[in-house]
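*Asks:* First, the structure itself, so that you have it in front of you.
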Amino acid sequence: MNKVFWNIGKQIYNLKNNLSNPCEYISNYYSYKYGDSFKYSRENISIMRNFYLCFPIYINNYDKLSWNHFKLLININDRVIRNFYLRLILFCNSSVDELNNIINSSLYNRI
């Protein structure tokens with residue numbers, strides 16, 4: 001599903017010049033098409049857009065992570081710190097709870 005969400009984020013990015021509110025348009029479209037209004041809510045669609053903006057190149061290793069991993073990583077504003085945690089969880093195969101604990105302990109700042 002990560003690849004699907006990344007592609008939706010890319011769609012929104014590409015539509016930003018053509019529509020006044022691309023997140024709402026995509027949310028309505030996918031909610032109608034697939035009938036899952038929670039998964040394709042405006043909030044989740046906005047997160048998908050941020051997913052694409054934070055990770056503009058999709059790597060197959062991203063399939064090893066869950067969507068919740070990326071939701072935590074997207075909240076990190078600094079690109080260098082975000083990539084540090086991404087590489088760490090890919091290397092250590094960390095769970096979402098472990099990633100949350102690692103981020104909250106400010107591991108990057110302590111190194």
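The values are calculated or read from the model by the stated rules, or taken from the named source; none is laboratory data. Since this is a predicted model, take the numbers as computed values, not measurements. Heads up, the Cβs are rebuilt from the backbone with ideal geometry, glycines too, and the neighbour counts pull from every protein chain shown. For accessibility, only protein heavy atoms count, side chains too; no ligands or nucleic acids. Shrake-Rupley method; radii C 1.70, N 1.55, O 1.52, S 1.80 Å.
*Asks:* Along the range 9-15, what does the Karplus equation 6.51 cos²θ - 1.76 cosθ + 1.60 (θ = phi - 60°) give for ³J(HN,Hα), rounded to whole Hz, x for Gly and Pro?
*Replies:* x, 5, 4, 4, 4, 6, 8
*Asks:* Helix-only estimate, please: 222 nm mean residue ellipticity of the chain, summing -39500 (n - 2.57) across DSSP H runs of length 4 or more and dividing by its residues, to the nearest 500. Spell out each step's value before the answer.
*Replies:* Details: 7 runs with 75 residues, N = 111.
Mean residue ellipticity, 222 nm, calculated: -20500 deg cm²/dmol.
*Asks:* Remind me, what semi-axes does the chain give for its equivalent ellipsoid, largest first in whole Å, using sqrt of 5 times each Cα gyration tensor eigenvalue?
*Replies:* Details: eigenvalues 155, 40, 29 Å².
Ellipsoid half-lengths, sorted descending, are 28, 14, 12 Å.
*Asks:* Are any of the pairs 33/71; 16/39; 3/64 more than 18 Å apart by Cα-Cα distance, and if so, which?
*Replies:* Those over the limit are 33/71; 16/39.
*Asks:* Over the chain, what percent of the accessible surface lies on carbon and sulfur atoms, probe 1.4 Å? Walk me through the numbers before you get to the answer.
*Replies:* On the way: 3460 of 7150 Å².
That fraction is 48 percent.
*Asks:* If you don't mind, another one. Along the Cα→Cβ direction, 7 angstrom out, place labels at residue 29 and residue 59. What is the inter-label distance in nm?
*Replies:* 2.9
*Asks:* Let me ask something additional. Rank-order 65-78, 87-100, 40-53 by packing density, defined as the average count of other C-beta atoms within 10 Å over each peptide's residues, highest first. Intermediate results must be reported in sequence, preceding the final value.
*Replies:* Working: 65-78: 15.9, 87-100: 13.9, 40-53: 19.2.
My ranking of the peptides, most packed first, is 40-53, 65-78, 87-100.
*Asks:* Now for a different question. Farthest toward the dipole's positive end in the chain, which of 103, 46, 15, given Cβ charges of +1 (Lys, Arg) and -1 (Asp, Glu) about the Cα centre?
*Replies:* 15
*Asks:* If you don't mind, there's one more thing I want to ask. Can you give me the accessible area per residue for the chain, using a 1.4 Å probe, in Å²?
*Replies:* Numbers: 7150 Å² over 111 residues.
Here the per-residue accessible area is 64 Å².
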